[in-house]
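Down below is the structure, laid out as structure tokens.
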Protein chains: 2
Amino acid sequence: MTLYQATASAPVNIACIKYWGKRDTKLILPTNSSLSVTLDQDHLRSTTTSRADPSFERDRLWLNGKEEDIKAGGRTATCITEMKRLRKQEVEDKQPNEPKISEYSVHIASFNNFPTAAGLASSASGFAALVSSLAQLYHLPVSPSTLSLIARQGSGSACRSLFGGFVAWEMGSASDGSDSYAVEVAPQAHWPDLHALICVVSDDKKGTSSTSGMQRTVETSPLLQHRIKEVVPKRMKDISKAILDKDFDSFARITMADSNQFHAVALDTEPPIFYMNDVSKSIIALIVEYNRVSVANGGGYKAAYTYDAGPNAVIYAPKENIKEIIQLIVKYFPQHEGLFKDVFGLFGGADLNSQGGVVEGFNENVAKKFEVGAVKGLIHTRVGDSPRALGAEETLLGSNGLPKTLA
Amino acid sequence: MTLYQATASAPVNIACIKYWGKRDTKLILPTNSSLSVTLDQDHLRSTTTSRADPSFERDRLWLNGKEEDIKAGGRTATCITEMKRLRKQEVEDKQPNEPKISEYSVHIASFNNFPTAAGLASSASGFAALVSSLAQLYHLPVSPSTLSLIARQGSGSACRSLFGGFVAWEMGSASDGSDSYAVEVAPQAHWPDLHALICVVSDDKKGTSSTSGMQRTVETSPLLQHRIKEVVPKRMKDISKAILDKDFDSFARITMADSNQFHAVALDTEPPIFYMNDVSKSIIALIVEYNRVSVANGGGYKAAYTYDAGPNAVIYAPKENIKEIIQLIVKYFPQHEGLFKDVFGLFGGADLNSQGGVVEGFNENVAKKFEVGAVKGLIHTRVGDSPRALGAEETLLGSNGLPKTLA
């Protein structure tokens with residue numbers, strides 16, 4: 001008997017032009033276009049196995065081994081239904097000999113290789129992996145942009161994780177969402193030396209969820225409309241050009257300005273929404289000073305911070321600057337020993353806390369030194385590729401159709 | 001021989017619609033109108049004595065007993081020159097018998113009754129007291145609005161301290177600044193039960209000065225222009241109406257929204273400017289929750305926070321709510337014992353830290369409890385009156401023409 005099963009992994013993406021606000025909350029249609037960098041799945045990924053079987057009684061989903069309820073009409077159900085519809089329409093109806101597996105229920109197991117506690121949004125990579133594994137299971141002859149239309153309905157930013165490299169989510173204008181999808185601006189291979197350092201910041205309190213937060217901004221911020229109409233369209237053009245030109249200085253300026261403006265409209269919300277804390281702000285002060293020194297010496301910007309709906313910093317930089325940046329961060333934010341994975345071999349096994357330091361001319365008073373744990377982890381990664389089809393040996397489902405850890 | 005001398009005091013004001021951005025940095029002409037509440041001089045004031053004497057060789061100024069350099073063409077020099085010009089034009093030229101004291105040099109001594117460390121901007125009350133004492137010395141037959149034109153050139157927000165009660169600074173449009181002055185929206189007596197609680201917040205690092213910060217915002221924030229053109233004009237009208245109607249709910253909503261928006265455009269600046277810290281944000285969370293409980297019980301807003309270019313909170317509220325608000329703040333921000341001046345006798349001598357508590361239905365998890373000193377002081381005051389002419393016994397200058405503490 002044939003086993004209808006496929007396993008895929010999908011990457012995390014971090015936006016440079018931020019998505020904040022929906023014009024349609026059910027279809028997840030945004031109020032502005034956005035643009036992100038896909039990060040390397042070698043370091044951060046969601047892996048998902050989907051299996052279709054006539055013996056399955058209903059669609060079921062496990063995240064990191066724990067079963068999640070698939071609510072009727074909810075986001076996960078929508079994605080599964082849409083993928084089954086595509087299977088029927090694009091494969092079974094056109095090629096009557098293909099098995100009618102769109103009629104079977106599916107079991108889906110998904111696993112994130114990064115801890116939830118890291119505060120990295122896993123919904124983007126998670127829904128991209130879900131959609132990718134089902135596309136593979138169903139042998140769908142469709143483009144990543146088409147798949148992005150479906151992933152978008154799981155989690156808006158998930159649509160951008162269907163591509164590697166540099167990805168735009170075009171907001172579109174159709175009321176059915178048919179033109180609101182992701183497109184590749186440039187592939188990973190265009191600018192592989194763009195690296196990223198994620199600073200995982202400890203936080204006392206739970207922040208506002210992005211889903212509810214962005215709608216409060218849409219409803220109450222007088223500044224958001226100006227951002228949508230006047231600011232973002234120009235920034236989308238400008239940063240796309242900066243990427244195509246591999247012009248890091250422009251890329252950095254736009255990325256930082258747009259992170260700031262996203263947090264500005266969050267603050268212009270009633271009641272105001274704060275995602276960055278004093279640690280986040282100190283990291284900004286360090287990057288601003290690091291760039292100032294470079295510019296004062298006749299150079300350009302050497303690093304760009306960006307913050308999503310939480311206190312974590314993501315610092316983009318050309319790979320040759322990352323060692324200096326880690327040394328800078330560690331000087332102000334000493335790390336728990338042995339946690340850092342030096343995947344690019346920058347420090348030759350040395351204890352990270354012994355490596356702290358600043359570049360010449362750096363004003364050390366722009367921030368104070370924090371206690372160990374204020375930045376509770378550093379993850380070094382780089383621009384990465386699109387979702388991957390994995391071999392049968394990578395399956396997360398056992399022969400009994402349940403996640404392997406539960407089998 | 002006649003002693004030509006006068007002493008005046010002037011109040012602090014705290015804006016509800018914020019001034020942020022100059023269209024002319026020399027004349028101090030703002031990019032938008034603003035509106036403030038004048039605070040009570042019984043609690044917070046600058047006191048200034050000005051003396052004109054033919055024996056004085058040059059204009060001299062002492063702040064809190066320390067001599068300050070009066071730079072030629074600087075802000076203080078401009079104010080003194082303008083006041084002498086008015087003396088000549090309005091008094092001496094019209095009434096030839098009046099003494100020509102505009103030709104004498106002046107000695108000026110000024111004293112703030114609140115510590116500089118409190119982080120309260122003293123330039124507004126300081127320049128208002130300077131101009132008021134000179135106006136008194138020179139017997140100028142001019143209106144407070146005319147004096148506000150001169151105080152404005154010392155420090156923009158000083159123009160609003162020429163009036164008591166509720167004061168608008170009309171931005172004007174003339175390039176010489178002749179229509180950019182303060183006007184009274186309503187006097188102190190209109191709404192005397194509006195009180196204020198100042199929470200003095202401890203801060204690690206020195207913030208960006210408002211003078212340089214606001215010009216960086218003018219130059220780099222894409223959102224500021226929208227605020228100037230579209231948002232502030234409507235808010236000026238709406239909050240003026242709220243004040244005239246003594247409609248605290250509307251007053252509070254607009255005040256908090258405008259504080260948030262000022263900090264939003266500061267954050268939208270390159271590099272971004274942060275004035276609020278984690279303590280400031282926690283006070284916001286407390287006030288938001290305190291209002292939420294009131295609204296959930298069918299009431300309106302009971303308190304309004306506002307933040308200037310620093311981490312201190314000013315909380316406006318009807319006087320009947322102030323005791324509850326102090327109890328709320330003290331529960332999360334315990335105070336150093338004995339510091340609080342209970343000028344309105346709310347606690348009958350009890351230790352403040354024993355009085356902490358929240359209203360019924362309050363979600364205590366919206367903030368964490370901080371260490372003693374995170375909020376390093378509380379000042380309870382209320383809407384106040386316009387600058388006061390003080391008697392000769394209040395002089396700050398000794399018979400030798402030097403400040404009394406130096407005499």
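The values are calculated or read from the model by the stated rules, or taken from the named source; none is laboratory data. Worth saying up front: this structure is predicted, and the values here are computed from it rather than measured. Neighbour counts run over all protein chains shown; Cβ positions are idealised from the backbone, glycine included.
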Taking segment A:42-62 and keeping only residues that are within 20 Å of the chain's Cα centre (by Cα) and surrounded by fewer than 19 Cβ atoms within 10 Å (Cβ to Cβ), one is left with A:Asp42
(1) of a type outside the set (A, V, I, L, M); (2) surrounded by 18 or more Cβ atoms within 10 Å (Cβ to Cβ); (3) more than 10 Å from every other protein chain (Cβ to nearest Cβ): which one isn't true of A:Asn277, the others all being true?
(3)
When you check A:Gly164 against the structure, is it in the same structural domain as A:Arg51 (by TED's automatic domain parsing) and surrounded by fewer than 24 Cβ atoms within 10 Å (Cβ to Cβ), yes or no?
no
If a residue counts only when it is in the same structural domain as A:Glu393 (by TED's automatic domain parsing), within 29 Å of A:Phe340 (Cβ to Cβ) and modelled with pLDDT of 95 or more, which strands (runs of 3 or more DSSP E) contained entirely in segment A:1-50 have at least 2 such residues?
A:4-11, A:13-17, A:34-38
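Just wondering, is there one or more residues in segment B:384-391 that are within 29 Å of B:Asp193 (Cα to Cα), within 23 Å of the chain's Cα centre (by Cα) and either of a type in the set (Ser, Thr, Tyr) or within 14 Å of chain A (Cβ to nearest Cβ) (or both)?
Yes, because at least one residue in segment B:384-391 is within 29 Å of B:Asp193 (Cα to Cα), within 23 Å of the chain's Cα centre (by Cα) and either of a type in the set (Ser, Thr, Tyr) or within 14 Å of chain A (Cβ to nearest Cβ) (or both).
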Going by what's in this entry, would B:Gly177 be described as farther than 23 Å from B:Ile315 by Cβ and under 20 Å from the mean Cα position of the chain (by Cα)?
no
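Here's the yes/no breakdown for (1) part of a helix (DSSP H, G or I); (2) more than 14 Å from every other protein chain (Cβ to nearest Cβ); (3) over 27 Å from A:Lys369 (Cα atoms):
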| position | (1), (2), (3) |
| --- | --- |
| A:His226 | yes, no, yes |
| A:Lys237 | yes, yes, yes |
| A:Thr255 | yes, no, no |
| A:Val265 | yes, no, yes |
| A:Thr269 | no, no, yes |
| A:Gly298 | no, yes, yes |
Matching residues in segment A:313-367 (among the acidic types (Asp, Glu), more than 17 Å from A:His43 (Cβ to Cβ) and part of a loop (DSSP other than H, G, I, E, B)) number 3
From the list B:Pro54, B:Pro115, B:Pro96, which one is at pLDDT below 95, within 21 Å of B:Pro403 (Cα to Cα) and not hydrophobic (A, V, I, L, M, F, W, C)?
B:Pro115
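Condition check ((1) buried (at least 22 other Cβ atoms within 10 Å of the Cβ); (2) not charged (D, E, K, R)) across all residues:
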position	(1), (2)
A:Ala8	yes, yes
A:Lys18	yes, no
A:Leu27	no, yes
A:Asp40	no, no
A:Arg87	yes, no
A:Glu98	no, no
Looking only at residues in segment A:205-221 that are surrounded by fewer than 21 Cβ atoms within 10 Å (Cβ to Cβ) and touching an Asp or Glu at 6+ places or on another chain (Cβ under 8 Å), which one is farthest from A:Glu371 (Cα to Cα)?
A:Thr220
If we keep just the residues of segment B:240-253 that are buried (at least 22 other Cβ atoms within 10 Å of the Cβ) and within 19 Å of the chain's Cα centre (by Cα), which is nearest to the other protein chains (Cβ to nearest Cβ)?
B:Ala252
With respect to B:Ser386, determine if the residue is modelled with pLDDT of 95 or more, in a loop (DSSP other than H, G, I, E, B) and surrounded by fewer than 21 Cβ atoms within 10 Å (Cβ to Cβ).
yes
Under 7 Å between Cβ atoms, which residue pairs at least 6 apart in sequence (or on different chains) link something in segment A:195-214 that is modelled with pLDDT under 90 with a partner that is of a type in the set (S, T, N, Q) and surrounded by 18 or more Cβ atoms within 10 Å (Cβ to Cβ)?
A:Asp203/A:Asn277
Screening A:Gly348, A:Gly398, A:Gly338 for residues that are touching a Lys or Arg at 6+ places or on another chain (Cβ under 6 Å) and of a type in the set (Gly, Ala, Ser) leaves only A:Gly398
Among the residues of segment B:118-134, count how many are farther than 17 Å from B:Lys18 by Cα, of a type in the set (A, V, I, L, M, F, W, C) and modelled with pLDDT under 95.
1
Residues of segment A:74-100 being over 17 Å from A:Ala129 (Cα atoms) and either acidic (Asp, Glu) or in contact with a Lys or Arg (Cβ under 7 Å, 6 or more places away or on another chain) (or both), which ones?
A:Glu90, A:Glu92, A:Asp93, A:Glu98
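Condition first: of a type in the set (Asp, Glu), over 13 Å from B:His195 (Cα atoms) and at pLDDT below 95. Can you find one or more residues in segment B:357-378 that meet it?
Within segment B:357-378, none of the residues are of a type in the set (Asp, Glu), over 13 Å from B:His195 (Cα atoms) and at pLDDT below 95.
The rows are residues; the columns are (1) touching a Cys at 6+ places or on another chain (Cβ under 6 Å); (2) over 27 Å from B:Leu396 (Cβ atoms); (3) surrounded by fewer than 23 Cβ atoms within 10 Å (Cβ to Cβ); (4) not hydroxyl-bearing (Ser, Thr, Tyr).
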{"site": "B:Ala129", "(1), (2), (3), (4)": "no, no, no, yes"}
{"site": "B:Leu134", "(1), (2), (3), (4)": "no, no, no, yes"}
{"site": "B:Ser143", "(1), (2), (3), (4)": "no, no, yes, no"}
{"site": "B:Arg152", "(1), (2), (3), (4)": "yes, no, no, yes"}
{"site": "B:Trp169", "(1), (2), (3), (4)": "yes, yes, no, yes"}
{"site": "B:Ser180", "(1), (2), (3), (4)": "no, yes, no, no"}
{"site": "B:Ala186", "(1), (2), (3), (4)": "no, yes, yes, yes"}
{"site": "B:Ala189", "(1), (2), (3), (4)": "no, yes, yes, yes"}
Name the residue that is farthest from B:Val343 (Cα to Cα), counting only residues in segment B:154-202 that are in contact with a Ser or Thr (Cβ under 9 Å, 6 or more places away or on another chain) and among the acidic types (Asp, Glu).
B:Asp179
Selected residue (criterion: farthest from B:Ile326 (Cα to Cα)) from residues of segment B:280-294 that are more than 10 Å from chain A (Cβ to nearest Cβ) and of a type in the set (A, V, I, L, M, F, W, C)
B:Val293
Within segment B:170-180, identify whether any single residue is outside any loop (DSSP other than H, G, I, E, B) and farther than 16 Å from B:Ile17 by Cα, and answer yes or no.
no
When (1) surrounded by fewer than 21 Cβ atoms within 10 Å (Cβ to Cβ); (2) under 23 Å from B:Ile239 (Cα atoms) are applied to B:Ala158, the one that fails is (1)
